[in-house]
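To start, the structure under review is shown below, and the notes come after it.
Here, each number is a calculation from the coordinates, and none is a lab measurement. Keep in mind that this is a model prediction, so the values were computed, not measured. Using ideal geometry, Cβ is built from the backbone for each residue, glycine included, and neighbour counts are taken over all protein chains shown.
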Amino acid sequence: MNPTNTISSSPSGASAQSVGLTTIHSHAVRETWLLAAIEAVRPMFLAKRHVIPDCQVSVGFASTGNRSGHIGQCWSTGSSAAKVNQIFISPALGDPFEVLDTLVHELIHAVDDCQHKHGKEFKKIALSLGLKGPMRSAGAGPDLIPKLQVLALQLGPYPHAQLQVPRKTVFRRNRPRAKCKTCGYQVPMLKKFLAFGPPICPQDKIEMQAIGDWEDA
Ligand SMILES: [Zn+2]
Ligand SMILES: [Zn+2]
């Protein structure tokens, strides 16, 4: 049996007795944890007759960039020279349960080989495994959560230091706009029309003022 403190410090609060936990693994690097996580959820998929294909999995940003807020991404076999699905888990995730939850979502894409995005084929697999929510961001539902919590415990600490990733770019551009000095009417300007000068106020029929950055036209 495991030391009680290891169990009680877990987010799920599950006890060694109730989960039948015998081993807490220790992983030196994130990838072996993630590969072990795939093996840990494989029986769950198999129980619903879904076969997880060979996958490569690592920590990395989604190709859609930080601002997309995407926390995981799966690539089709066709995208890989070795014809294996490749999954990336965002470095912004640090909690083992969250990582596992995200991994399960991405593994469903792998089962589907990313053929149907979040369409009905994806949804069918997701619902059978106990995921909930809008399919784009579907995560573990009430039945799946405790199972993943137990698996997260068994997998042991996730050897990754959560990265603070800003969701939005810090600087905000001072977008070019036009404003009527009489009534206050404002419109954003398209870059390609800046050379035309400020428009006429529809209300007061006078030329509006150029405000914001009109320089980088
Ligand atoms: Zn997805
Ligand atoms: Zn006006």
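3J(HN,Hα) along segment 198-204: x, x, 8, 5, x, 8, 9 Hz, from the Karplus curve 6.51 cos²θ - 1.76 cosθ + 1.60 with θ = phi - 60°, whole Hz, x for Gly and Pro. Extending 7 Å from the Cα toward the beta-carbon at both Asn174 and Thr32 defines two label points whose distance is 5.5 nm. The order of the peptides 203-209, 142-148 by mean Cβ neighbours within 10 Å, most packed first, is 142-148, 203-209.
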